[in-house]
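The values are calculated or read from the model by the stated rules, or taken from the named source; none is laboratory data. Keep in mind that this is a model prediction, so the values were computed, not measured. Glycine also receives a Cβ, built like all others from the backbone with ideal geometry; neighbour counts cover every protein chain displayed. Please note that ligands, DNA and RNA were not included when accessible areas were found on the heavy atoms of the full protein model with its side chains. Shrake-Rupley method; radii C 1.70, N 1.55, O 1.52, S 1.80 Å.
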Amino acid sequence: MNTPELLAPAGTPEHLETAFAYGADAVYAGQPRYSLRVRNNSFKDVAALGSGIARAHELGKQFYLVSNIAPHNNKVRSYLKDLEPVLKHKPDALILSDPGLIMLVREKWPDQPIHLSVQANAVNWATVEFWRRQDISRVILSRELALDEIREIRDRVPDMELEVFVHGALCMAYSGRCLLSGYMNHRDANQGACTNACRWNYKEVRHSHDQTGDLITTCSDSGGVQDVEPKEILLEEPNRPGGFIPAYEDEHGTYIMNSKDLRAVQHVAELAKMGVHSLKIEGRTKSTYYVARTTQVYRRAIDEAVHGKPFDMNLMDELEALSNRGYTEGFLRRHVPREYQSYEQGSSFLGTQQVVGTITDTDDQWLTIDVKNKFAPGDQLELINPAGNIRFSASIMENRNGQTMDYAPGSGHIVRIPKPADLPQTLEHSYLTKILPSAHSN
């Protein structure tokens, strides 16, 4: 069985270090001005990118530079000039979607490896073969593919590296090529400035028409119509009578365009058997805890699959610990359409665990915690560590002056709790989480 690369997001140097600590083989980060996460990118200059690339190579890992916008003429004009100093640091590949930029890079740097971005929407074997003939070294397949379609592409184009998304947020548009943010907020998602308008709360508003036929509100305020009881709305398109689309609306509104999050850890073994080269986690704007937890889970899933072990359903539960919008397998297996969308909630579910702190120091008796969220003695805790996780409960808690505390109030506080048994030797990149009461019975 092929051992696929585990590829994790690196929105910041801290994310990079966390991903590698928890078992990632490679990370991807955006090039300033030219990636789809322009507003949330700590690799803002050549020096920062150079340091990230050097650190990856020091650890024997890979660093991929993302330049996957749909560039207009002004960005095409400046692209090669801005890219040249970055390439001196030798990123392991460029992730590109635009044929024009690919052509320009090929002409100037013929030996530079290029990965085709998911934004290019490769959904069939002929497209993958076309890009192989253009000397593209890897194709990141569209999220809209089913497992049997991925398998056929692998079989028909065996010399092309394939990369598949296995976890993270899904876009309501086709492979993320969305116009909604640009239309509603004048921020173009295809230029890296998405406002996530598909995640917003939309309310029903009473309306009528003015003399010109334009819609106008008939409410006394702009707050919309508030119903005491939740209700199910059925949407019907006039040319498809009886083809109802359900949307659930409560006092907060409706989230008609809100996609659930992708979770495909249960398919890691099958993707590895196919010969998929890289399994990718989405989330350059997510927390370092998200990177730690997802990388740890998918690292274990890959290693166990390669060694022929049966899939451990506990891996699904561990991912439930993360905040999420509900999970779906996406298009890997076919489901009814309502499986893909979360009409009831736009903000994330809290998950079964909450990060309550990071470890700042330890001695023979105590762990010192930089508190992030409230927790108290008696809470069920889990220490997340690259070497493995342990669960325990603290019987007492002290502040930094040794005074007993009933609870840690939240961010900005430093507390000490008794050191649990079987603690890993190093606590770097560790997180302390609280297991929420609703999860105790799971």
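Using 7 Å Cα-to-Cβ label points, what is the residue 2/residue 313 separation (nm, one decimal)?
Between residue 2 and residue 313, the simple spin-label model gives 3.0 nm.
Based on the Cα atoms of region 373-442, what semi-axes does the equivalent ellipsoid have, where each is the square root of 5 times one gyration tensor eigenvalue, given in whole Å with the largest first?
Taking √(5λ) for each eigenvalue gives 19, 16, 11 Å, largest first.
Using a 7 Å offset from the Cα along the Cα-to-Cβ direction at both residue 126 and residue 406, what is the distance between the two label points in nm, to one decimal?
Result: 7.2 nm between the two label points.
At a Förster radius of 35 Å, what calculated FRET efficiency corresponds to the Cβ-Cβ distance of residue 360 and residue 146, to the nearest 0.05?
0.15
Calculate one ³J(HN,Hα) per residue across region 78-85 by plugging θ = phi - 60° into the Karplus curve 6.51 cos²θ - 1.76 cosθ + 1.60, and present them in order as whole Hz with x for glycine and proline.
So the J values, rounded to whole Hz, are 9, 4, 4, 5, 6, 6, 3, x.
Remind me, relative contact order of region 39-110 in percent, using alpha carbon pairs under 8 angstrom and six or more residues apart?
36 percent
Separation between the residue 425 and residue 54 pseudo-spin-labels, each 7 Å from Cα along Cα→Cβ, expressed in nm?
So the two model labels end up 2.8 nm from each other.
Counting only other residues whose beta carbon sits under 10 Å from that of residue 362, what net charge do I get with K and R as +1, D and E as -1?
So the environment of residue 362 carries a net charge of -1.
Hey, what do the phi angles of region 162-171 turn into as Karplus ³J(HN,Hα) couplings, whole Hz, using 6.51/-1.76/1.60 and θ = phi - 60°, x for Gly and Pro?
Karplus values, whole Hz, x for Gly and Pro: 10, 10, 10, 5, 10, 7, x, 5, 10, 9.
Rank 294, 12 by accessible area, highest first, at a 1.4 Å probe radius?
Per-residue accessible area, sorted high to low, gives 12, 294.
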